[in-house]
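Let me begin by presenting the structure, written as C-alpha cells, before commenting on it.
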Amino acid sequence: MANTTDLYIIHCLTNLHAGSGDSTYGIVDKEVQKDPIEGMPVIHASGLKGAFRELFEYHNNSSVEGIFGADTDPSKRSNPDRLKAGKYYFMEARMLFLPVRSSRKPYFMATSQEIIRRFIQEQEDLGTGKGEILEGAFAELLKDEYKPEKGRPVIFSADAGTVYIDEFDAVTQPQISASFGDWPVDGGNIALFHHDDLKEVCKRLPVIARNYLENGISGNLWYEEIVPRGTLFYFYISRPSDEDHFDTQMKKLGDRVQIGGNASVGYGLCKLLKF
C-alpha cells in the first residue's frame with residue numbers, strides 16, 4: 001500500500017511542558033524534551049501520538065483504532081483478541097521558530113539558516129512535495145548576505161537603532177517580504193541566529209517555580225522548564241495514500257490539541273496547521 005507523508009506545524013498557544021522526566025542532579029527539576037545532539041526542544045513522537053489519541057478517544061471518535069492502533073487494554077479494543085498497529089506513523093516534532101525577548105518588541109521569532117535548510121531538505125527526503133514551495137518562502141532568509149555572525153543575530157526592519165535580542169546585539173537588515181500563510185510569523189518578526197548561538201539560547205529556556213498547598217501550607221517547591229508560547233514546531237505523519245481520516249477529524253475538532261503535562265493549569269494548548 002502506497003503511503004503519503006504530510007507536514008504539520010504546531011503553534012503553541014500557551015506555554016508547553018513536554019517533560020523529559022525528573023532530574024535528581026540539576027538546578028531544574030523537570031526539563032523539557034530536547035534533541036540529544038543539539039539540545040533544542042523537541043516533542044517525542046510517542047508523546048505526540050498519545051496526545052492526539054487521547055483527544056480522539058475523549059470525543060469517542062470512530063477512527064481511533066485505524067489511526068493509532070488497538071489499545072493495549074483488551075477491554076477497550078473493538079476486537080479484544082487482536083492487538084494491531086495503527087496505519088498512521090507519527091514522527092518527532094522539531095523546533096522551527098522560538099520566541100526570544102528583545103528590546104524593540106516583546107519578542108522576535110528566532111531560527112537559523114541551518115534549521116531552515118534542514119527543514120527544506122526533509123521535504124525531499126520524506127517526499128512531502130512541499131520542498132519547492134518552502135524553498136521559495138524561505139529564499140530571502142537563506143541569502144549569504146544575511147548569514148549571521150556569531151553573537152550578532154540578524155533582523156529585518158526599516159527602523160534604525162540598537163536592538164538587543166536575548167543578550168545579543170542584533171544587526172538590522174532591510175525589510176524582506178517573506179510570508180508563510182497562516183503561520184504567525186513573517187519577515188518583520190524573524191531573527192536569524194548563528195546556529196551555535198541559538199543552541200545556547202535553548203539552554204536558557206524559561207524556568208517556573210512550582211509548588212502546591214497541603215493543609216494550607218505551601219510545600220514541595222520544584223523548578224520546571226517550559227517552551228514559551230508562540231513557539232513553532234513541525235512534524236510529519238505518514239499515512240495510507242487513499243485515506244486521510246486524521247486531518248478530516250482534526251478539522252472537526254477545531255485543530256486544537258493539548259500536548260504535554262499540566263493541562264489543568266493551561267499548559268500545552270496548541271493549534272495544528274497542515275501545510
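The values are calculated or read from the model by the stated rules, or taken from the named source; none is laboratory data. Computed from a prediction, not measured in an experiment: that's the story for all the values here. Cβ placement follows ideal geometry from the backbone for every residue including glycine, while neighbour counts extend to all protein chains displayed.
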### Summary
Selection over region 254-269 where residues are modelled with pLDDT under 90 and under 18 Å from Ile67 (Cβ atoms) yields a count of 0
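Looking for whichever is more than 22 Å from the chain's Cα centre (by Cα), among the charged types (D, E, K, R), within 20 Å of Leu205 (Cβ to Cβ) and surrounded by fewer than 20 Cβ atoms within 10 Å (Cβ to Cβ) here; the options are Glu145, Glu149, Glu167, Glu92. Which one fits?
Glu167
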### Subset of region 29-61 (residues that are touching a helix residue (DSSP H, G or I) at 6+ places or on another chain (Cβ under 9 Å), free of Cβ contacts under 8 Å to residues at least 40 places away in the same chain and either among the hydrophobic types (A, V, I, L, M, F, W, C) or more than 17 Å from Leu16 (Cα to Cα) (or both))
Arg53, Glu57
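Let's see how each residue does on (1) within 30 Å of Leu142 (Cβ to Cβ); (2) assigned to a strand (DSSP E or B); (3) over 14 Å from the mean Cα position of the chain (by Cα); (4) among the charged types (D, E, K, R):
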| position | (1), (2), (3), (4) |
| --- | --- |
| Asn211 | no, yes, yes, no |
| Trp222 | no, yes, yes, no |
| Glu243 | no, no, yes, yes |
| Asp247 | yes, no, yes, yes |
### Query
For residues in region 1-42 being at pLDDT 80 or above and of a type in the set (Val, Ile, Thr), which is surrounded by the fewest Cβ atoms within 10 Å (Cβ to Cβ)?
Ile37
### Task
Can you tell me which residue within region 232-275, out of those that are of a type in the set (Ser, Thr, Tyr) and closer than 30 Å to Ala209 by Cβ, is surrounded by the most Cβ atoms within 10 Å (Cβ to Cβ)?
Tyr267
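Residue by residue, here is whether (1) surrounded by 17 or more Cβ atoms within 10 Å (Cβ to Cβ); (2) among the acidic types (Asp, Glu); (3) not in a loop (DSSP other than H, G, I, E, B) holds:
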residue	(1), (2), (3)
Ile155	yes, no, yes
Ala158	no, no, no
Thr172	no, no, yes
Gln175	no, no, no
Leu205	yes, no, no
### Query
When you go through Tyr267, Tyr234, Tyr223 one by one, which is the residue that is under 18 Å from Ala18 (Cβ atoms) and touching a Lys or Arg at 6+ places or on another chain (Cβ under 7 Å)?
Tyr234
### Task
Note down all Cβ pairs under 6 Å where the first residue falls in region 156-181 and is of a type outside the set (A, V, I, L, M, F, W, C), the second is part of a strand (DSSP E or B), and they're at least six residues apart or on different chains.
Ser157/Thr172; Asp166/Val100; Thr172/Ile155; Gln173/Val154; Gln173/Phe156; Gln175/Phe156; Ser179/Asp186
### Summary
The number of residues in region 95-133 that are closer than 25 Å to Val201 by Cα, modelled with pLDDT under 95 and out of contact with any strand residue (DSSP E or B) (no Cβ under 6 Å at 6 or more places or on another chain) is 3
### Query
Only one residue in Leu232, Leu192 is under 19 Å from the mean Cα position of the chain (by Cα), over 30 Å from Lys87 (Cα atoms) and modelled with pLDDT of 95 or more. Which one?
Leu192
